[in-house]
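Each remark here refers to the structure printed beneath this line.
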Amino acid sequence: MFTVELTFSINGKSYEMEVDVRKSLMELLREIGYTSVKHGCGVGECGACTVLVNDVPVDSCLYLATWVNGAAVRTTEGECRDGKLSPVQDAYVQEGAVQCGFCTPGLIMNTTAFLEKNRGKEELSREEIKKGHAGNLCRCTGYQTIINAVEAARKKDVC
């Protein structure tokens, strides 16, 4: 077995550990206890495993754990503050964009990154929102409520 020593943070908590070089970031996160990161397709198509690495959304099923050395990782668990949902999480609930919930953590992280990237932009069309979330698949909601949630979160000036 080949391992490497990594130092990184998850949701602001520092980690230093030896990790098998073949392990995906998704596997590592789930082993540590971050269960919001879902194993969907396993090939980077569905986005259920989306997390932010240095504020950039990545499919953690394809992202090697060794690549987070020195990086900051964010998962859905880290978006809550003082026991309260983040504005993005709250918008998903309020707009009914959560059905079975399997894809929701990945969508929330992608929405968070999308809104942070587009902060200060005067207009965001529904088409831009659709394109910004093209890497996330949902089998339950039909996407209208997800787009509504993104618009609602943006109105809260979350980013």
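Flag not set for Thr112, criterion: over 21 Å from Val43 (Cα atoms), hydroxyl-bearing (Ser, Thr, Tyr) and either modelled with pLDDT under 95 or in contact with a Phe, Trp or Tyr (Cβ under 9 Å, 6 or more places away or on another chain) (or both).
Taken together, the residues in segment 1-32 that are within 13 Å of Thr75 (Cα to Cα), of a type outside the set (Lys, Arg) and either touching a helix residue (DSSP H, G or I) at 6+ places or on another chain (Cβ under 9 Å) or in contact (Cβ under 8 Å) with a residue 24 or more places away in the chain (or both) amount to 8.
Can you find, within segment 134-156, the residue that is modelled with the highest pLDDT among those that are under 15 Å from Leu124 (Cα atoms) and among the basic types (Lys, Arg)? Here the answer is Arg154.
Output the residues belonging to segment 41-66 that are surrounded by fewer than 22 Cβ atoms within 10 Å (Cβ to Cβ) and farther than 20 Å from Thr112 by Cβ. Listed by number, the residues that qualify are Cys41, Gly42, Val43, Glu45, Leu64, Thr66. For Cys103, the criteria (1) crowded, with 22+ Cβ neighbours inside 10 Å; (2) in the same structural domain as Tyr15 (by TED's automatic domain parsing); (3) not polar (S, T, N, Q) hold in every case but one, which is (2). In the condition set (1) touching a helix residue (DSSP H, G or I) at 6+ places or on another chain (Cβ under 9 Å); (2) part of a helix (DSSP H, G or I), Gly96 is compliant with all but (2).
The values are calculated or read from the model by the stated rules, or taken from the named source; none is laboratory data. No experiment lies behind these values; they were computed from the predicted model shown. Here Cβ is always computed from backbone atoms with ideal geometry, including for glycine, and neighbour counts include all displayed protein chains.
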